[in-house]
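Written out below as structure tokens is the structure these notes cover.
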């Protein structure tokens, strides 16, 4: 790693992120009374840089914060939004908790598997989508069944809406905009029935 | 009293100390609150919910483990609601638990079984299949995890984080996928891993060695004391069909606090090893022939008699004894001094000079209250592991932990490592002593320039010294732990402690020295020393015998005509392999008394099969001077005999009875120990060089000619203790031999770069005509300028490069491939 120069021929800085972003790291650690508290932030930084948290990120963070690698791994694996493997451009996290389950979550998962041609935990061949299911509630029970794509929420996702979302993203739609326009809108009858009750 | 509160539990008034948890307070009143995650030695976490109780004034039931007692608190542990909740908790815990109790090691001693029996529902409402998880996950050296049985109480991970202070074992994932695991690529190879088996309240964590070997109710249990190191942890030996099936902790808060190390817990199968010597062996040319005890003893007696007749009794030497009971050690020196008449007897087999120290007696529990712990050329995790848990805890609660020496201790707790080369250690300590004295306005004045900036105590320089001096100046309770390998370091340490004492009034200063064998201190107190008789009494001036080094030199020079080794594989343990080789090949008559045919025993004229520790009755003295008694737990077996019986029989063959009745020796030892006891502990000996310390030991071997090669580089070889290293007990134990360290040479990255060495490269270490080739490893933990090798490792004997101490300059050379091929 040391052999890699500061800037490669294409002008990109190829040093490890923790070297390039040392100032950010220091600022983050300085925010807390104990360095340990910066763990979540550093994991997020690693993922921001690489798309997932790699073994060497775990080792670096452990060393930097004076924690054991096991401790870092334990925290990282607890949260379903940290990824330990490379993921696609869009990470679809379907809520697997009880409310979403009762409102058709299981059907939604099956539908997405079929449409994407992958099993839960896998990434499509084109590298566009990764399908995940979280065991924990994504805190969107009012919009069950819900899913999250990267940092955006999508509520009351029935198979038809799922297809529309996938198609829009394949067509290059902006994720945040998509969530604004169709993600949080009520799909119709169910929502209104709930409202009137 | 203000530090006691009164509360009511189930209508009974209970007095409990402030801050106590409800589980313990209820236990004081004889009321049981069932628990899983709670353990009195771990911090409460309240994750299993089994201990829910009602507290008046609280809206909901509260977990008793995380709730502290308060004055006037009214608690109910047996209401209908609580009974209902316990049933609910148990139904949930059993939801995915496989209930494979009929084939579970824990069955019969399982809190999950017992609590379900007492508090649980008899049935489950689960109508779908249980979750499937992995049944036999290999966690590390000794532990197998059954993920289905685990109820995620976290006792194991908390032990690893809070007691072992390592943090390797963690809970991974979340919710129903949560599991006990380690970081990717790591294994749970802590020296203390076995404790999690006993902590586990279900059968999730099991011992590889004991798995499926027995049912708890079939085991015969015998209390004993561990003989793997000088801490002397209290153990229970569990036998099945007369075979040792497992070793458990038998809690003694003053010694082991209920913990064991993995060497003590898992290295027991050697007792039943097929490699045990089971019959006395007599050399006939190049082979051994098995003979009867009578024949073997008559042979030894007649050979010893002719040596004494031709060369005098001083031509006989006796080495060993640190593994014997006190009674056996006492008999051993009687055999040497009375039956043979030689003063040459020494228990030290691994180059240690000092085993105990009367000046600053230390206790294990001194570590608990210490505000400074100083490690001087010692690696507690390797030499006194369970005591190291106290050191780690002290460092974690804020005590200053400083380590001085040529090898870093590798703690995860806060500590300061001050690299000091062995040769500079005494001077480093002496200078620190001067600085401590000056800082207090006593002792020497001025001359700071000559003492403050040492020219060459090693790479430590002044910073390390300042750290040490600063810590000691403000310290009230200091514990120094010292390896005892260099008497000059001991005298310097004494100066340092004297300087601390002079300045303080109520300071408590103590020293602990881990002996090189389990009962080194007992052997010393029993007079297995050339310069001291039983009871630390110095021999008459000029009458001191030769120590181990002296005997080996005398044998190598042809002045010693018979050598008798007891539990001493000198070829492996003594830090001068060449001297041992010369001595053993030159000495005309060699007797080895051991469990196994070690490389040393193979050179013997007579081999006597000794019985293992479990077959012995007697007492041991641990590193703090505590006397602990053991009873015979199994028969000596086959044709072996206990060491004590062998000494008595041999003395009789020599025409001398060592005791008039079987109780006499025990009685004499008891009196000796009582005489030596101060405040309940056996006192140590005087430091060599002090008045009353007896004759100084003859000098060890001198440095060899410098065989410097043109293409090599000089580094200081540092041979470090390894918990799993050495000993026939490790080598001939099928379950344990796999973890014995492999011989390797470990370099600092800078030295490796300079030498052009990569990991795995063969490197040649040489000293004079001796050379050893080892695979290289690179670690930033190693001090620059040193090359570290493990002691007692599997592979080439590195002690061939040493000359009496555990460090020596060597020439290092990378070997090219053709040479190795």
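The values are calculated or read from the model by the stated rules, or taken from the named source; none is laboratory data. None of these values were measured; they are calculated from a predicted model. Reconstructed Cβ throughout: ideal geometry from the backbone, glycine too, with neighbour counts over all protein chains shown.
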task = Report those strands (runs of 3 or more DSSP E) wholly inside the range B:709-786 carrying at least 2 residues which are at pLDDT 95 or above, more than 24 Å from residue B:423 (Cβ to Cβ) and not assigned by TED's automatic domain parsing to the domain that holds residue B:595.
result = B:770-778
query = Among the listed residues A:138, A:157, A:133, A:190, which satisfies the condition of being within 22 Å of residue A:88 (Cβ to Cβ) and modelled with pLDDT under 90?
reply = A:138
request  = Might you check whether a residue that is in a helix (DSSP H, G or I), within 14 Å of another protein chain (Cβ to nearest Cβ), touching a helix residue (DSSP H, G or I) at 6+ places or on another chain (Cβ under 6 Å) and buried (at least 20 other Cβ atoms within 10 Å of the Cβ) occurs anywhere in the range A:76-90?
outcome  = yes
Wholly within the range B:147-266, helices (runs of 4 or more DSSP H) carrying at least 1 residues that are without any contact (Cβ under 8 Å) to a residue 40 or more places away in the chain = B:155-158
request  = Select from the range B:267-277 the residues that are in contact with a strand residue (DSSP E or B) (Cβ under 7 Å, 6 or more places away or on another chain) and in a loop (DSSP other than H, G, I, E, B) and list them in ascending order.
outcome  = B:268, B:275, B:277
request  = Go through the residues of the range A:113-133 one by one and say whether even a single one is closer than 17 Å to residue A:161 by Cα, out of contact with any strand residue (DSSP E or B) (no Cβ under 7 Å at 6 or more places or on another chain) and without any contact (Cβ under 8 Å) to a residue 40 or more places away in the chain.
outcome  = yes
key: Candidates B:166, B:186, B:162 - the one that is farther than 20 Å from residue A:57 by Cβ and within 11 Å of chain A (Cβ to nearest Cβ)   = B:166
key: Selected residue (only one of A:114, A:49 is away from chain B (no Cβ under 14 Å), in contact with a helix residue (DSSP H, G or I) (Cβ under 6 Å, 6 or more places away or on another chain), surrounded by fewer than 18 Cβ atoms within 10 Å (Cβ to Cβ) and assigned to a helix (DSSP H, G or I))   = A:49
query = Looking at residue B:316, is it more than 23 Å from residue B:577 (Cβ to Cβ) and more than 34 Å from the chain's Cα centre (by Cα)?
reply = no
query = Can you tell which of B:623, B:650 is surrounded by 23 or more Cβ atoms within 10 Å (Cβ to Cβ), farther than 19 Å from residue B:275 by Cβ, out of contact with any helix residue (DSSP H, G or I) (no Cβ under 6 Å at 6 or more places or on another chain) and in the same structural domain as residue B:549 (by TED's automatic domain parsing)?
reply = B:623
remark   = residue B:152 vs (1) more than 17 Å from residue B:48 (Cα to Cα); (2) more than 7 Å from every other protein chain (Cβ to nearest Cβ); (3) in contact with a strand residue (DSSP E or B) (Cβ under 8 Å, 6 or more places away or on another chain): all pass except (1)
task = Taking the options B:558, B:545, name whichever one is part of a loop (DSSP other than H, G, I, E, B), in contact with a strand residue (DSSP E or B) (Cβ under 7 Å, 6 or more places away or on another chain) and in the same structural domain as residue B:291 (by TED's automatic domain parsing).
result = B:545
Verdict on residue A:126 being part of a loop (DSSP other than H, G, I, E, B) and more than 14 Å from every other protein chain (Cβ to nearest Cβ) = yes
ask   = Can you name the condition, by its number, that residue B:252 falls short on among (1) more than 29 Å from residue A:55 (Cβ to Cβ); (2) within 14 Å of chain A (Cβ to nearest Cβ)?
value = (2)
request  = Check A:99, A:94 and return the single one that is more than 14 Å from chain B (Cβ to nearest Cβ) and part of a helix (DSSP H, G or I).
outcome  = A:99
